[in-house]
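What follows is a single structure, written as structure tokens, with notes after it.
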Amino acid sequence: MSSESTPALVKGAAGVESTASGGPAPAGPPGRSPRSRSTAAYLRYAAGKLAGAAVSLFAVLVTSFFLFRLIPGDPVKQMTGGRQVSAEQIASMRREFGLDLPLWQQFTQYCGKALTGDFGTSYQFRAPVMDKISEALPATLLLTGTAFVLYTLLGIWLGARSAWRNGSSGDRANTAFALTLYSVPSFWLGLLLIITLSVGIGPVPGLFPTGGMESGSTTGFDRVLDIAHHMVLPVITLVAVEYARTLLVMRSSLLDEMGSDYLTTARAKGLRDDLVRRKHAVPNAMLPTVTLLFVNLGTTVAGAILVETVFSWPGLGGLFYQALSVPDLPLVQALFFVFASAVILMNTLADVIYPLLDPRVGR
């Protein structure tokens, strides 16, 4: 076959193949675009995180069953309240709650029902466990949600100001005060607030209720004010203990951004220092803080147990304390699973969302 009838491939000086007639060589099979490869990498990353969360949840389910069976005490005898009961009655109660079965059979039944959302019947309340949790959940969400919003805003604001004035007396005072409160046990701080602001000291009268969620004798808007009045001390306790973590992360992130070239360029354009901080530095420093917010949301729900117990707040923490004193095994197991699940799911959500905010992660 002559060269006139079949164009030969000729490689140019730049290394690009072309035909003898000067046209480009026929294109090969199209490959995946960078965007599709990036999407596939993110999906693999997210699937790995979700699979890890599922394994962690199952591990919590198993742990919650065996852990609380190490607690000394007989739930059946605790439920009788020290009354004289016959051996037949005790055996009947054991059969009713499935405590007469071998441990392995109790475990398989527990896992099978838990996977369908059935955590059994409470020993002391004689009601489905999930019904009791549903009743107490709104009070916990109200308390922890209010505290979460307040300590997040406070931590971000103080952290940004401290970093921008790094080394100043205000920066040192803010950091020292936050670390001091962060190291204080929440139950101790709560008791201190009750003594000083609820009971009163000397001529100073008590300003707030010692516990509970409401007085029970108000309706309408007065009830809202009454609940807010009862919330003051437990919310202050949670905010004081938790805001330091947000402050320190925000401060560290902003300090890392302060030497960036884009901030120097913004200042060279004549922008005010406050505008440079708010419009340029703080948004870029928010990425680690956003991740921390999800983690805080999960740990705040679980960490409110002591605060709710100290202030007799009728939420999940108070319910957990009541269940632990019996021990009410189905209720304790379910609450432990709820608390641990909140932490695991919020951590997983943070891991999944962070690559969307910073494409360098998970690619």
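The values are calculated or read from the model by the stated rules, or taken from the named source; none is laboratory data. All of these numbers come straight from a predicted model, not from anything done at the bench. Counting neighbours? That spans all protein chains shown, and the Cβs are built from the backbone with ideal geometry, glycine included. Protein only, heavy atoms only, side chains kept; ligands, DNA and RNA dropped before computing areas. Shrake-Rupley method; radii C 1.70, N 1.55, O 1.52, S 1.80 Å.
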Starting from the range 279-290, keep only residues that are touching a residue at least 12 places away in the same chain (Cβ under 8 Å), then list their pairs with residues that are assigned to a helix (DSSP H, G or I) and surrounded by fewer than 16 Cβ atoms within 10 Å (Cβ to Cβ) whose Cβ atoms are within a distance under 7 Å, requiring at least 6 positions of separation or different chains. H280/Y262; L287/L357; V290/L357
Scan the range 201-226 for residues that are free of Cβ contacts under 8 Å to residues at least 60 places away in the same chain and either in contact with an Asp or Glu (Cβ under 6 Å, 6 or more places away or on another chain) or at positive phi (or both) and jot them down. G202, E214, S215, G216, T218, G220, D226
Would the range 14-29 turn up any residue that is in a helix (DSSP H, G or I) and either of a type in the set (F, W, Y) or modelled with pLDDT under 70 (or both)? no
(1) surrounded by fewer than 19 Cβ atoms within 10 Å (Cβ to Cβ); (2) more than 21 Å from G48 (Cβ to Cβ); (3) modelled with pLDDT under 85 all hold for P359 apart from (2)
Residues of the range 315-327 that turn out to be farther than 17 Å from L137 by Cβ and not hydroxyl-bearing (S, T, Y), as a count: 3
Is it the case that R267 is touching an Asp or Glu at 6+ places or on another chain (Cβ under 8 Å), of a type in the set (K, R), assigned to a helix (DSSP H, G or I) and at pLDDT below 80? yes
Can you give me the number of residues within the range 59-90 that are of a type in the set (D, E, K, R), at pLDDT below 70 and either open to solvent by 40 Å² or more (accessible area, probe 1.4 Å) or within 33 Å of the chain's Cα centre (by Cα) (or both)? 2
Right, N174: open to solvent by less than 70 Å² (accessible area, probe 1.4 Å), at pLDDT below 90 and touching a Leu at 6+ places or on another chain (Cβ under 9 Å) or not? yes
Exclusive hit being open to solvent by less than 30 Å² (accessible area, probe 1.4 Å), β-branched (V, I, T) and under 17 Å from T246 (Cα atoms), set T140, T152, T146, T180: T152
Search the range 295-307 for residues that are closer than 21 Å to T348 by Cβ and pair each with any residue that is of a type in the set (D, E) and assigned to a helix (DSSP H, G or I) when their beta-carbon atoms are under 9 Å apart and the residues are at least 6 apart or on different chains. N296/E242; T299/E242; T300/E242; G303/E242
Going through (1) assigned to a helix (DSSP H, G or I); (2) at pLDDT below 85; (3) buried (at least 16 other Cβ atoms within 10 Å of the Cβ) one by one, K113 fails only at (3)
Complete set of residues in the range 229-286 that are hydroxyl-bearing (S, T, Y) and surrounded by fewer than 20 Cβ atoms within 10 Å (Cβ to Cβ): S252, S260, Y262, T264, T265
State whether one or more residues within the range 295-313 are open to solvent by 20 Å² or more (accessible area, probe 1.4 Å), farther than 28 Å from L191 by Cβ and modelled with pLDDT under 80. no
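Mind checking whether some residue in the range 158-175 is under 22 Å from the mean Cα position of the chain (by Cα) and not acidic (D, E)? Before the answer, list the steps.
Taking the range 158-175 first, the residues under 22 Å from the mean Cα position of the chain (by Cα) are 158-159.
Filter once more, so that each one left must be not acidic (D, E): 158-159.
Yes; the residues of the range 158-175 include at least one that is under 22 Å from the mean Cα position of the chain (by Cα) and not acidic (D, E).
Could you tell me whether any residue of the range 161-168 is under 30 Å from V326 (Cβ atoms) and exposed (fewer than 15 other Cβ atoms within 10 Å of the Cβ)?
no
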Out of the range 91-104, which residues are open to solvent by less than 60 Å² (accessible area, probe 1.4 Å) and part of a helix (DSSP H, G or I)? A91, S92, M93, F97
